[in-house]
Amino acid sequence: MSIKHIRFSQTARDQLSRLKRHTGIEHMNVIARWALCVSLSEEMPPPETKIPSDSNLEMTWEVFGGKHGDTLLALVKQRCVNDGLDAASEEVVYTQFRLHVHRGIAYLAGDRAIRSISDLVSKALKAA
């Protein structure tokens, strides 16, 4: 297992809180999973940027991934391969995971049309 936990930036924590309120989704880890998938579906890799770990929101991998943890980790590693990155490097995989999660949260939070769970599902269905 190359990912043990994730600590979110304060901006991402605030965005997750807002999404939680708007959608009615009870747990932030569920929204964060959606965010990861949204980012992974983008063609371009996330930009290399320094993301602060300045909030008090932290999740273990088990909480983040839940029963889908192995699948999500495989998706992150495959994305690393697709982007020409070293998927065998735990540091690379963790960095890409954080970049994708934070980018996905920003995408979801920036979409003012997401006001409910059904809006989130509709967005996913359109993308498929």
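Normalised Debye scattering of the chain at q = 0.20 Å⁻¹ gives log10 I(q)/I(0) of -1.20, counting only Cα atoms as equal scatterers and leaving out solvent.
Between helix 69-82 and the chain, what is the angle of the helix's C-alpha long axis to the longest principal axis, kept within 0 to 90° and rounded to the nearest 10? The answer is roughly 60 degrees. Once all protein chains are placed together, Trp34 keeps about 80 Å² accessible to a 1.4 angstrom probe. A Gaussian network model of the chain, with springs between Cα atoms under 10 Å, assigns the largest mean-square fluctuation among Ser41, Ser55, Ser118 to Ser118.
With Cα atoms defining each centre, the range 61-128 and the range 38-57 are spaced 9 Å apart in the structure. Taking the accessible area of the range 47-128, probe 1.4 Å, and keeping the other protein chains in place, the carbon and sulfur fraction comes to 55%.
Which angle between 0 and 90 degrees, to the nearest 10, do you get for helix 90-110 versus the longest principal axis of the chain when only C-alpha atoms count? Helix 90-110 sits roughly 20 degrees off the main axis of the chain.
Ligands, DNA and RNA excluded, the heavy atoms of Asp111 present near 40 Å² of accessible surface to a 1.4 Å solvent probe.
Find the accessible area per residue for the chain; the probe is 1.4 Å, ligands and nucleic acids are left out, and the unit is Å².
Working: 7190 Å² over 128 residues.
Accessible area per residue: 56 Å².
Each label was represented as a point 7 Å from its Cα along the Cα-to-Cβ direction; for Val63 and Lys20 these points are 1.0 nm apart.
Given the Cα-Cα distance of Gln78 and Ser41 and 0.36 nm per residue of separation, how much length would full extension add, in nm?
12.1 nm is the gain from fully extending Gln78 to Ser41.
Shown for the range 7-128: lysine pairs separated by 8 or more places, or found on different chains, whose C-alpha atoms are under 21 Å apart, numbering 4. Is the shape of the range 50-91 best called rounded, prolate or oblate, per the rule: a/c under 1.5 gives rounded, else a/b larger than b/c gives prolate, else oblate, with a ≥ b ≥ c the square roots of the Cα gyration tensor eigenvalues? In terms of gyration-tensor shape, oblate. Accessible area per residue was computed with a 1.4 Å probe on protein heavy atoms; Ser2 scores about 20 Å².
Once the Cα atoms are used to define both axes, helix 117-127 deviates from the longest principal axis of the chain by about 50 degrees.
The values are calculated or read from the model by the stated rules, or taken from the named source; none is laboratory data. Everything quoted here is computed from the prediction, not taken from an experiment. Using ideal geometry, Cβ is built from the backbone for each residue, glycine included, and neighbour counts are taken over all protein chains shown. Side chains included, ligands, DNA and RNA excluded: accessible areas come from the protein's heavy atoms. Shrake-Rupley method; radii C 1.70, N 1.55, O 1.52, S 1.80 Å.
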